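First the structure, in the form of structure tokens, and then the observations on it.
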Amino acid sequence: MNTVLTGSSSWTEQLRANVRRVAPHDASVLITGPSGSGKGVIARQIHEMSHRAEEPFVSVDCTTIVGSLFYSQLFGHVRGAFTGADCQTLGCFRAAEGGTVFLDEVGDLEPSIQSKLLKVLQERQVTPLGSDQAIPINVRVIAATNRDLEADAQSGRFRQDLFYRLNVVHLAAIPLCQRPDDIDQLADHFLQQLADRQGLPRKTLSAGAIELLRTMPWPGNVRQLEHAMEQAAIYCDGPVIDLRLVRGLLEGGSAPPIASDSHRDPPEEESPAPWRSPSEDDALSSSVAGDTAWKTLEHLEREHIRSTMEMTGNNQSKTARMLGISRQTLIRKIKKNNLLPVSP
């Protein structure tokens, strides 16, 4: 896989320089930033520019599995280690031998796993579940989190010694809305990927559509932009994705009744007004203050959660990461808004 850090903003240019500096070394790297901001892409770019590039890159979602099963996923198990363990497994660390282990959302690790991970990083060896035989490993560890891990370490929620082990080199991703100069290139990159990987006809964006994309708040960051481009490519009948279609998808949550196949936007929509919240326009706020049809924050939150869940196929972990909240917080909001039945 050939990973590219796409964009021309000053932040992206500096990030490329930092990755080039960090990649040749084996130091642990901690990547922080909001959900969907591209932390996984940064991790893979470090791997692909390192001397480990020809060896495995193994990604671990630290939010998905808990307890002994997660220990087994990380460090492997021997046959008979637990009910149903009919054969031995390597685990992610041994499977990545010579390469890189990427611990995504490492801040969500259970305390018991934190202590075992620290021991592995210190001793450079793993002991599979059900065994007393330590096995040497040669891997580089890159971790990522959307949490303030330093604050968690100071409060005792995350092991402070593990934090320092992981945070040898720190790289910070920033929200997409803070780097609008990257948006048109990222959008075009995702449209090219759709053409290459899914066989969709190659689409381009009109000038008006690009301008609208650059003014959106993007709470789901790069991941949200990627999904938006996939939606737009599917709904667009012609070669050019126009402003009307993009506005319908991003602001209304659905495409217009008939997707436009025009090669250009309607003249009156070529220069869309920048995205803004009601609080950013006092005159507008005053004019609608007495309008009972004005949507409340609670309503907007409910609809935003609903549309994000639809986008992820009701995958709670992905939805939580896109919204920048914990899965537990998402479950509480789902229950509060009666959006979906929640499994215990």
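Odds and ends about this structure:
- Residue count for the range 166-176, restricted to those that are surrounded by fewer than 19 Cβ atoms within 10 Å (Cβ to Cβ) and under 10 Å from Ser37 (Cβ atoms): 3.
- The lone criterion from (1) of a type in the set (Lys, Arg); (2) more than 26 Å from Gln178 (Cβ to Cβ); (3) within 19 Å of the chain's Cα centre (by Cα) left unmet by Arg52 is number (3).
- Among the residues making up the range 24-48, those that are in a helix (DSSP H, G or I), touching a Gly at 6+ places or on another chain (Cβ under 9 Å) and not β-branched (Val, Ile, Thr) are Lys39, His47.
Here's the yes/no breakdown for (1) in contact with a Leu (Cβ under 6 Å, 6 or more places away or on another chain); (2) part of a loop (DSSP other than H, G, I, E, B); (3) on the phi > 0 side of the Ramachandran plot:
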| residue | (1), (2), (3) |
| --- | --- |
| Leu103 | no, no, no |
| Lys116 | no, no, no |
| Asn138 | no, yes, no |
| Ala143 | yes, no, no |
| Ala151 | no, no, no |
| Tyr164 | no, no, no |
| Asp184 | no, no, no |
| Leu194 | yes, no, no |
| Arg197 | no, no, no |
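- Residue count for the range 222-242, restricted to those that are of a type outside the set (A, V, I, L, M, F, W, C) and surrounded by 24 or more Cβ atoms within 10 Å (Cβ to Cβ): 1
- So Asp152, is it touching a Phe, Trp or Tyr at 6+ places or on another chain (Cβ under 7 Å) and assigned by TED's automatic domain parsing to the domain that holds Phe93: yes
Residue by residue, here is whether (1) over 19 Å from the mean Cα position of the chain (by Cα); (2) surrounded by 15 or more Cβ atoms within 10 Å (Cβ to Cβ); (3) closer than 21 Å to Ser326 by Cα; (4) modelled with pLDDT under 85 holds:
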| site | (1), (2), (3), (4) |
| --- | --- |
| Thr12 | no, yes, no, no |
| Arg21 | yes, no, no, no |
| Pro34 | no, yes, yes, no |
| Ala43 | no, yes, no, no |
| Arg94 | yes, yes, no, no |
| Asp104 | no, yes, yes, no |
| Asp108 | no, yes, yes, no |
| Glu123 | yes, no, no, no |
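- Residue satisfying all of: in the range 125-136; assigned to a strand (DSSP E or B) and touching a Phe, Trp or Tyr at 6+ places or on another chain (Cβ under 8 Å); surrounded by the fewest Cβ atoms within 10 Å (Cβ to Cβ) among these: Leu129
- Against the conditions (1) assigned by TED's automatic domain parsing to the domain that holds Asp104; (2) of a type outside the set (Ser, Thr, Tyr); (3) surrounded by fewer than 17 Cβ atoms within 10 Å (Cβ to Cβ), Phe163 satisfies every one except (3).
The values are calculated or read from the model by the stated rules, or taken from the named source; none is laboratory data. Because the structure is a prediction, the values reported are computed rather than measured. A quick note on method: Cβ atoms are made from the backbone with ideal geometry, for glycine too, and the neighbour counts reach across all protein chains shown.
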